[in-house]
1. Applying the selection to the stretch 107-130, what residues are surrounded by 11 or more Cβ atoms within 10 Å (Cβ to Cβ) and outside any strand (DSSP E or B)?
2. Out of the residues in the stretch 72-88 that are of a type in the set (Ser, Thr, Tyr) and surrounded by fewer than 19 Cβ atoms within 10 Å (Cβ to Cβ), which is nearest to ALA124 (Cα to Cα)?
3. Test of understanding: among THR28, THR102, THR97, which residue is under 21 Å from LEU153 (Cβ atoms), in contact with a Gly (Cβ under 6 Å, 6 or more places away or on another chain) and hydroxyl-bearing (Ser, Thr, Tyr)?
4. Cβ-Cβ distance below 9 Å, separation of 6 or more or different chains: which pairs start in the stretch 134-154 with a residue that is surrounded by 13 or more Cβ atoms within 10 Å (Cβ to Cβ) and end on one that is among the hydroxyl-bearing types (Ser, Thr, Tyr) and at pLDDT 95 or above?
5. Filter the stretch 85-97 for residues that are assigned to a loop (DSSP other than H, G, I, E, B) and under 15 Å from the mean Cα position of the chain (by Cα) and give the result.
6. Of the residues that make up the stretch 30-43, is at least one in contact with a helix residue (DSSP H, G or I) (Cβ under 6 Å, 6 or more places away or on another chain) and not β-branched (Val, Ile, Thr)?
7. Filter the stretch 131-160 for residues that are assigned to a loop (DSSP other than H, G, I, E, B), modelled with pLDDT of 95 or more and either farther than 14 Å from ARG26 by Cα or β-branched (Val, Ile, Thr) (or both) and give the result.
8. Of the residues that sit in the stretch 41-71 and are over 13 Å from the mean Cα position of the chain (by Cα) and modelled with pLDDT under 95, which one is surrounded by the fewest Cβ atoms within 10 Å (Cβ to Cβ)?
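The values are calculated or read from the model by the stated rules, or taken from the named source; none is laboratory data. Not measured: the values here are computed from a predicted model. Don't worry about glycine lacking a Cβ; one is built from the backbone with ideal geometry, like all the others, and counts go over all protein chains shown.
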Amino acid sequence: MARAPQAATSSIAVPLGKPIFAQAFRYTAMYGPKPFPEALLIYLDNGSYKILSPGEEHYGSYVSATALGAGAPPRHVSFLSWPSDDWGRNVASHTLTFTADTGAYIQTLVLPGDPVPHAQAGYALPIDDPARIDMTASWEQVRVTYDELFERLLAGERGV
């Protein structure tokens, strides 16, 4: 019995930009299959991003409705992850809307073929001097580096 030929896979090189803004996240409402309460999101100057958490590390593209930079936190941002093991070699779409004065955000997750969006929420704090972020660092390393911010987010969640 003859086998059907397999489609060849191909790849492209995507240049990453330089960090222009970054946030430490604390989720208070999470998507069940990915229950990671903390994350670090790094926005790059060419519309790409990197996110790290205890169970994820991937890249994607974003479009922000406002300019990003020091003193200019995001307000409404749409993200599309690039295919990665984090999403079963597929993509995921996230839209985040931030509250200017509290750092609170709501996040809508849309997955391919899933007609029901998933709601997430939490709080975020900006990272000082994002240009100094080590883009090769692991989650464990960035968690230690930005421990003070993650602890502030946790204390805020507890009302301390």
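1. Once the filter is applied, which keeps residues that are surrounded by 11 or more Cβ atoms within 10 Å (Cβ to Cβ) and outside any strand (DSSP E or B), the stretch 107-130 yields LEU111, PRO117, ILE127, PRO130.
2. Initially, the stretch 72-88 is screened for residues of a type in the set (Ser, Thr, Tyr), giving 78, 81, 84.
The next check asks that each one be surrounded by fewer than 19 Cβ atoms within 10 Å (Cβ to Cβ); those that pass are 78, 84.
On the way: SER78: 16, SER84: 24 Å.
So the residue we want is SER78.
3. Step by step, each of THR28, THR102, THR97 is checked, and only THR28 is under 21 Å from LEU153 (Cβ atoms), in contact with a Gly (Cβ under 6 Å, 6 or more places away or on another chain) and hydroxyl-bearing (Ser, Thr, Tyr).
4. As it stands, the answer is ALA137/THR145; TRP139/SER53; LEU153/TYR123, since those pairs meet every condition given.
5. Filtering the stretch 85-97 down to residues assigned to a loop (DSSP other than H, G, I, E, B) leaves 88-89, 91-92.
Answer for the stretch 85-97, where residues must be assigned to a loop (DSSP other than H, G, I, E, B) and under 15 Å from the mean Cα position of the chain (by Cα): VAL91, ALA92.
6. So the first thing to find is which residues in the stretch 30-43 are in contact with a helix residue (DSSP H, G or I) (Cβ under 6 Å, 6 or more places away or on another chain), and the list is 38, 40.
Now narrow it down to the ones that are not β-branched (Val, Ile, Thr): 38, 40.
Checked against the condition, which is being in contact with a helix residue (DSSP H, G or I) (Cβ under 6 Å, 6 or more places away or on another chain) and not β-branched (Val, Ile, Thr), the stretch 30-43 yields at least one hit.
7. Start the filter on the stretch 131-160 by keeping residues that are assigned to a loop (DSSP other than H, G, I, E, B), which leaves 133-138, 146, 159-160.
Keeping just the survivors that are modelled with pLDDT of 95 or more gives 133-138, 146.
Result: ILE133, ASP134, MET135, THR136, ALA137, SER138.
8. GLY71
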